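K.L.:
Dropping the structure in here first, questions after.
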Amino acid sequence: MTLGKTVDHAGETSIASALLSRVIAGAGLLLLAFTWRLWTPQTVYPQVPLFRWAGHAPAALEWLGFGLMVAGLCCALVASHDSRVGQAGLITFAVATAGMVLADQHRLQPWAYQLSVAAVVLVFAPGSRGVTLLRILTIALYFHSAVSKLDFSFLETNGQQLVAGLLEPMGLSTKFWSAEMRRAMAAILPVGELLVAIGLAVPRLRRWGLYGSITMHVLLLVALGPWGMNHKPGVLIWNVYFISQNWLLFHTLRRERWTKHGERKWVDGLVAAVVLLPLLEPLDRFDHWPSWAVYTAHPAVVRVYVDEQHRDGLTESVHAHVGPHNPFSRWRPVSIERWSLDALDVPIYPQDRFQLGVAIALTEADGSGDGIRVVLDGRANRWTGKRSRRELVGRKELLREAERFWLNALPPQQCAQD
């Protein structure tokens, strides 16, 4: 009887792992298809390497990296998950993705980070051990995401926008709600996500946590889809991926049994790092997206302006995102956020160092270097939403500001000059 149960569990785990491998591959290919420009050596939006030395990489290496990502996912999609071809495909995808991020930190999209880590876990921690680690990663993701939204800024801005995006397709409006009601409804979102994390972590509550997670992602599809806020396809695909992944991890596999498959303790260390490093995000010692701080409003904001007299010096791709003329000011706003969405079909990387690098790239396009002004709004206070504010004008001041970051904040052109 015990042997039968063990065999059933092993078979169940193998089937779920095979499906997970294909879900990762399928989702990854779809996401690459809809965001392909981001993964090429494009010139329509500034790139900012993660390290300065990576700014010297030739364009051919980026094409090679993109090709390896696609080839790796194709192998994982068509080959058996436990075959050499399937496993090599997943590892190739993960390694190539890491290399591509070195060349442009804009590519550190949350889905790329998540799929890469999941691919490594599936290959080097097979069986129920890998499933358990992926469960831990998923629970930690929801926990950190929820905690990152429990602040004043989210309740006042993004949270209310998500609620409006959810209700408007149903013919409901928040326009006449009181400020207290809007904040209370916005607070339901992170509290619900936190309850999902708790439910998935507690075996007796796991079924409810699973159903809660599926409900949450369906509601996000409504709020962010064409019926609501009309976000880019990548965001919607990522939410569909979560539904599929969670069903396989928490429903198809209801029983857990940790089985050892070799001594690869470093995989446990990798998962521990992914789970624990987000604790440094509130201290500004770890990036927002790898900390699962998505849809949040507290990150520092870089507001970019161009001098009216220097506007014609900007590239054509920027012009559509320059704001209207202000008769009381010579500075016109440049929406680098909308520019990212329109040019690359992805949201802008939310780190201030990256956005500063985009502004520095604009000074290169401007020619004189003095026609760009940046307003730096610091990280929002968790309880009050207040931010510090500083202004920088011209290339020299922007380059001086870039020196204060641990990681690179310069575009490739500037890296080449150093």
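The values are calculated or read from the model by the stated rules, or taken from the named source; none is laboratory data. Because the structure is a prediction, the values reported are computed rather than measured. Ideal geometry is used to build each Cβ from the backbone, glycine not excepted, and the neighbour counts take in all protein chains shown.
Let's see how each residue does on (1) in contact with a Phe, Trp or Tyr (Cβ under 7 Å, 6 or more places away or on another chain); (2) over 28 Å from A297 (Cβ atoms); (3) free of Cβ contacts under 8 Å to residues at least 12 places away in the same chain:
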| site | (1), (2), (3) |
| --- | --- |
| A79 | no, yes, yes |
| A94 | no, yes, no |
| L108 | yes, no, no |
| Q114 | no, no, no |
| V121 | no, yes, no |
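K.L.:
Moving on. Among the residues of the range 130-157, how many are surrounded by fewer than 21 Cβ atoms within 10 Å (Cβ to Cβ), touching a helix residue (DSSP H, G or I) at 6+ places or on another chain (Cβ under 8 Å) and closer than 24 Å to P226 by Cα?
P.N.:
Count: 1.
K.L.:
Which of the residues belonging to the range 330-350 are of a type in the set (S, T, N, Q) and either more than 24 Å from V393 (Cβ to Cβ) or over 17 Å from the mean Cα position of the chain (by Cα) (or both)? Don't jump to the end; show me each part of the working.
P.N.:
First, pick out the residues of the range 330-350 that are of a type in the set (S, T, N, Q): 335, 340.
Correct list: S335 only.
So that you can scan it fast, the table gives a plain yes or no per residue for (1) modelled with pLDDT of 95 or more; (2) over 16 Å from L141 (Cβ atoms):
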{"residue": "P190", "(1), (2)": "yes, no"}
{"residue": "L210", "(1), (2)": "yes, no"}
{"residue": "M229", "(1), (2)": "no, yes"}
{"residue": "Y241", "(1), (2)": "yes, no"}
{"residue": "E256", "(1), (2)": "no, yes"}
{"residue": "K260", "(1), (2)": "no, yes"}
{"residue": "K265", "(1), (2)": "no, yes"}
{"residue": "V271", "(1), (2)": "yes, no"}
{"residue": "P282", "(1), (2)": "yes, yes"}
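K.L.:
A follow-up question, please. For the range 231-240, indicate whether the set of residues that are part of a helix (DSSP H, G or I), buried (at least 18 other Cβ atoms within 10 Å of the Cβ) and in contact with an Asp or Glu (Cβ under 8 Å, 6 or more places away or on another chain) is non-empty.
P.N.:
For the range 231-240, residues part of a helix (DSSP H, G or I), buried (at least 18 other Cβ atoms within 10 Å of the Cβ) and in contact with an Asp or Glu (Cβ under 8 Å, 6 or more places away or on another chain): present.
K.L.:
With the checklist (1) at pLDDT below 95; (2) more than 18 Å from I24 (Cβ to Cβ); (3) in contact with a Leu (Cβ under 8 Å, 6 or more places away or on another chain) in hand, flag the one item V275 doesn't pass.
P.N.:
Every condition holds for V275 apart from (1).
K.L.:
Which residues, taken from the range 161-187, are part of a helix (DSSP H, G or I), touching a helix residue (DSSP H, G or I) at 6+ places or on another chain (Cβ under 8 Å) and surrounded by fewer than 19 Cβ atoms within 10 Å (Cβ to Cβ)? Before you say what the answer is, go through the steps one by one.
P.N.:
Initial filter on the range 161-187 (part of a helix (DSSP H, G or I)): 161-170, 179-187.
Of the ones still in play, those that are also touching a helix residue (DSSP H, G or I) at 6+ places or on another chain (Cβ under 8 Å) are 162-163, 165-166, 169, 182-183, 185-187.
The answer is P169, R182, R183, A187.
K.L.:
Right, another one. When you check R264 against the structure, is it not assigned by TED's automatic domain parsing to the domain that holds E391 and not hydrophobic (A, V, I, L, M, F, W, C), yes or no? Talk me through it step by step, then tell me what you get.
P.N.:
Values: not assigned by TED's automatic domain parsing to the domain that holds E391: yes; not hydrophobic (A, V, I, L, M, F, W, C): yes.
Yes, satisfied.
K.L.:
Within the range 388-418, restricting attention to residues that are at pLDDT 95 or above, touching a Leu at 6+ places or on another chain (Cβ under 9 Å) and charged (D, E, K, R), which residue is surrounded by the most Cβ atoms within 10 Å (Cβ to Cβ)?
P.N.:
E401
K.L.:
From G357, G369, which residue is at pLDDT below 95 and either buried (at least 19 other Cβ atoms within 10 Å of the Cβ) or not in a strand (DSSP E or B) (or both)?
P.N.:
Numbers: G357 fails: at pLDDT below 95.
Sole residue among the options that is at pLDDT below 95 and either buried (at least 19 other Cβ atoms within 10 Å of the Cβ) or not in a strand (DSSP E or B) (or both): G369.
K.L.:
A further question follows. Restricting to the range 74-95, give me the number of residues that are of a type in the set (D, E) and farther than 18 Å from V121 by Cβ.
P.N.:
Here the count works out to 0.
K.L.:
Same structure again: Would you mind stating whether Y113 is buried (at least 19 other Cβ atoms within 10 Å of the Cβ), of a type in the set (F, W, Y), farther than 30 Å from E364 by Cα and not assigned by TED's automatic domain parsing to the domain that holds L356?
P.N.:
Working: buried (at least 19 other Cβ atoms within 10 Å of the Cβ): yes; of a type in the set (F, W, Y): yes; farther than 30 Å from E364 by Cα: yes; not assigned by TED's automatic domain parsing to the domain that holds L356: yes.
Criteria met by Y113.
K.L.:
From the set of residues in the range 296-353 that are assigned to a helix (DSSP H, G or I) and basic (K, R), which is surrounded by the fewest Cβ atoms within 10 Å (Cβ to Cβ)?
P.N.:
It comes out as R338.
K.L.:
Just to be sure, is A94 in a helix (DSSP H, G or I), of a type outside the set (S, T, N, Q), farther than 18 Å from W289 by Cβ and not assigned by TED's automatic domain parsing to the domain that holds V121? I'd like the intermediate steps shown before the answer.
P.N.:
Numbers: in a helix (DSSP H, G or I): yes; of a type outside the set (S, T, N, Q): yes; farther than 18 Å from W289 by Cβ: no; not assigned by TED's automatic domain parsing to the domain that holds V121: yes.
No.
K.L.:
Condition check: out of contact with any Cys (no Cβ under 9 Å at 6 or more places or on another chain), surrounded by 14 or more Cβ atoms within 10 Å (Cβ to Cβ) and assigned to a loop (DSSP other than H, G, I, E, B). Does P278 satisfy that? Walk me through it before giving the result.
P.N.:
Numbers: out of contact with any Cys (no Cβ under 9 Å at 6 or more places or on another chain): yes; surrounded by 14 or more Cβ atoms within 10 Å (Cβ to Cβ): yes; assigned to a loop (DSSP other than H, G, I, E, B): no.
Against the criterion (out of contact with any Cys (no Cβ under 9 Å at 6 or more places or on another chain), surrounded by 14 or more Cβ atoms within 10 Å (Cβ to Cβ) and assigned to a loop (DSSP other than H, G, I, E, B)), P278 does not qualify.
K.L.:
Same structure again: So how many residues does the range 71-117 have that are within 21 Å of A54 (Cβ to Cβ) and of a type in the set (S, T, N, Q)?
P.N.:
Number of matching residues: 5.
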